[in-house]
Every structure is written in C-alpha cells, then in structure tokens.
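Throughout, read-outs are computed from the coordinates displayed, never taken from laboratory work. A quick note: this is a predicted structure, and the numbers were derived from the prediction, not measured. Positions of Cβ are generated from backbone atoms using ideal geometry, with glycine treated the same way; all protein chains shown enter the neighbour counts.
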Amino acid sequence: MTEALDASPIFKPYVLGGLELPNRIVVSPMCQYSADEGVPDDWHLVHLGSRAIGGAGLIIAEMSGVSPIGRISPGCAGMYSDQHVEAWRRITDFVHQRSDAKIGIQLGHAGRKASTKPLWMGQNQPLDSGNWETIAPSAESYGDGNQVPKAMDQGMIDEVVAQFGNAAQRTVDAGFDMIEIHGAHGYLLSGFMSPVSNKRNDDYGGDLPNRMRFPLEVVDSIRSVLPGQMPLGVRISATDGVEGGNTDDDAVGISRMFKEHGVNYITASAGGITGWSMIPRPEPLGYVPFARRIKHEAGIATMAVGNINTVEEVAGILQRDDADLVALARGHLRDSYWGLHASQELGMRDGGWPNQYVAVPRQDSLWRKDRSAAGESA
C-alpha cells in the first residue's frame, strides 16, 4: 500500500483556471457562525490560517452572504460592505505571507434557509427573536416551523444578481484567489435549480433551462468582474435525493451549462433541498461517483467532497481520476495539519513544514532512525 501511496498525485501542483495550486488538498468551506454583523474576526484568522500553515493547497472560506438577509444566521460571515473587505484582507494577507496555500471564498445567499440558528443551537430552526424576511423562488417554507419566504419578483431577482456581482468585486479587493458559489443544499440558487422548491410558471421556472436562468445570471454577474483567469467554481447538489427532485442525470446537464458560462469546476455534494430531506451522510466516498460522472461526462474539473478522511481515500480518488481536487471538512476540523501529516505518511522529507516548526520532520526522522536501530539490535 505504501508504494502506491508514494506515487499518488496528492502533492502534485494543479492549475485551476489561471491559478496554480501547490497540491490537491482543499479545506472545504465550513460555516463558523462566529462573525459580528458579517465581519470575520480572530476566530476566522486562526481557523483558516492554521489550515493554510497545515499544508492544504487551497482553503475556501465559509459561505459568506452577499446581503444581510442572505446570511444563514446572525453569526454568518458576509461580503456586502467595505468593512468586510478590510477584515477578510487581514486573513488573505496572512495566508499569502505565511504559507504556499491559495485562499478562496464561497459566496452565497441562504434564501428560504436564512434567519435561522447557529448549527449547535438548532440547525435550520428559526431564531427565537429578530427574524428577518426571507426570499425564495416560490412562497413555500423550507420545513415545518420555518417562515414562509417571499416569492421573488423580477426586481428582486435583478437585485440579488447585482449583489453577487458586487460581492465578487469585494472578494477581489479583499485579496482572495478564487470564488466558489454555493449552489447546493437548498440555499437560494439550489432552490431555483430544483423542481422541488421552484414552482414558478414564468421564465425562471418549469424545465431545467428555465430553472437555471437565475443561477446562470449570477455566474455571468460574477464572471464579469473577475480579473483574467481567476477561477470560479460552483457547489451543487448532484442529487436532491427526494422524489421529483434533481438527479445525477440532471447534475451532468447543470454542470455543462455552468461550464458554458465560464465556470472552472464543480463541487459535487448532495441533498438538503427541504427540511424533510436532510443532506445524506454517506459512507466513505459516498459522493465521489457524482464527481466522477460530472468530470467525465460534462468535461469539467470536479472537486470531490463527502466524508473523505484518510490519505488512502484521497490518493485513491486522484489515482482513479474520479476528481481533480479533494476537499475535506471534518478531516481538517480534527487535524488542522492534515496536509503536513499526510506528507509524513507518504514519506516526504519535509512536506512543507514552516520554518518555525522545522524541528518536527527532523525529530521524526531521528525517531524513525532510533526505532530502526533498536529493531536491528533486538
């Protein structure tokens, strides 16, 4: 097994759009519910900065709302004011100055899943007080107990499209290297894409091309302000997992449409379209077949996600050409230095440890030597 892993492409550079990543390890965007009025703070600096030092090639900051009502919770990050730009710039500067990693951000709008509690206080549950009006493609609540959103008219659609473009410009100003759009898990873009939540009878509802109209307008708005070959990706639910919802067949078509509008990669997740259809918790590598199918049938780069944890799993995904990049969430929560520890497991001499930690690989080498000598003498 060790020989196969030594030849793995985990630590080979990868060019995404015009951005060269030092390796294929991605820190998946993870909401921290710890911002103040959308402003990230020291928690975000440490959370993201430690994983950059920890050896990942790309860190994607959490879903950040393009407007105040686009946040999932009051503690969610934002990218809708100049104050956010300044706070995020502190974090991107640290990552660029102290590591070889690149850093992106996930832009999104929570839609009918907005105005809810932080994860540990009651996921997708409405706030006890201070709720704000939510919007969606249709006036149907996300689940029992959630408020009924306002169905978006053309003016509201145009406003949100412009908000995504403005957020993208702020992202550039904040020093990020790339953008991922959150188009999965029942949030606003996902809500338009899925027939489960989109019951419109105008140009934004009905068949798949119509349901894709709003998400593609968002992509065009973002792409219009991005410089050069700055990468743009979209996370989608490759299957809604409920009767009458989108399937992996639809995901291929969705991915092709995004590619035609300048999207560089697709992150293939699943589920979450309604309160009674929570995101499936797959066995190891449960979402990987979606990434593989989209990559090879839609002809676009993919990022694999979904309960991926070990070096062997990441190596296997890349060796089989199931995906181009592999994103870990829980793995990086458990071990912020997942990438550096993977390099050691693969027998790399230093694996990118920062100068301040140079004693780690040196001491490990001595430890292995001592262990070997002890074994020989025994």
Just to verify a result, which residue in the stretch 105-126, among those that are surrounded by fewer than 17 Cβ atoms within 10 Å (Cβ to Cβ) and of a type in the set (A, V, I, L, M), is nearest to Val26 (Cα to Cα)? Leu119
Keeping to the stretch 149-176, report how many residues are within 24 Å of His96 (Cα to Cα) and either without any contact (Cβ under 8 Å) to a residue 12 or more places away in the chain or assigned to a helix (DSSP H, G or I) (or both). 8
Extreme residue, surrounded by the fewest Cβ atoms within 10 Å (Cβ to Cβ), among residues of the stretch 68-88 that are farther than 17 Å from Leu188 by Cα, of a type in the set (A, V, I, L, M, F, W, C) and more than 18 Å from the chain's Cα centre (by Cα): Val85
Residue pairs within 9 Å by beta carbon, gap of at least six or interchain, first lying in the stretch 56-71 and more than 16 Å from Glu159 (Cα to Cα) and in contact (Cβ under 8 Å) with a residue 12 or more places away in the chain, second assigned to a loop (DSSP other than H, G, I, E, B) and of a type in the set (D, E, K, R), listed first then second, are Gly57/Arg24; Gly57/Asp100; Leu58/Arg24; Leu58/Asp177; Met63/Arg71; Ser64/Arg71
Wholly enclosed strands (runs of 3 or more DSSP E) of the stretch 1-114 bearing at least 3 residues closer than 30 Å to Gly143 by Cα and not charged (D, E, K, R): 58-65, 102-108
Residues of the stretch 58-75 being among the hydrophobic types (A, V, I, L, M, F, W, C), closer than 17 Å to Glu37 by Cα and out of contact with any Gly (no Cβ under 6 Å at 6 or more places or on another chain), in sequence order, are Ala61, Val66, Ile69, Ile72
Residues within the stretch 313-337 that are assigned to a helix (DSSP H, G or I) and in contact with a strand residue (DSSP E or B) (Cβ under 6 Å, 6 or more places away or on another chain), tallied: 3
Single residue of the stretch 225-252 satisfying the filter (farther than 16 Å from Phe192 by Cα and charged (D, E, K, R)) that is surrounded by the fewest Cβ atoms within 10 Å (Cβ to Cβ): Glu243
Of the conditions (1) buried (at least 17 other Cβ atoms within 10 Å of the Cβ); (2) on the phi < 0 side of the Ramachandran plot; (3) assigned to a loop (DSSP other than H, G, I, E, B), Ile179 fails just one. Which one is it? (3)
Suppose we filter the stretch 89-127 for residues that are of a type outside the set (Ser, Thr, Tyr), more than 28 Å from Pro149 (Cβ to Cβ) and touching a residue at least 60 places away in the same chain (Cβ under 8 Å); how many remain? 9
Looking only at the stretch 207-218, decide whether some residue is more than 21 Å from Ile294 (Cβ to Cβ) and surrounded by fewer than 22 Cβ atoms within 10 Å (Cβ to Cβ). yes
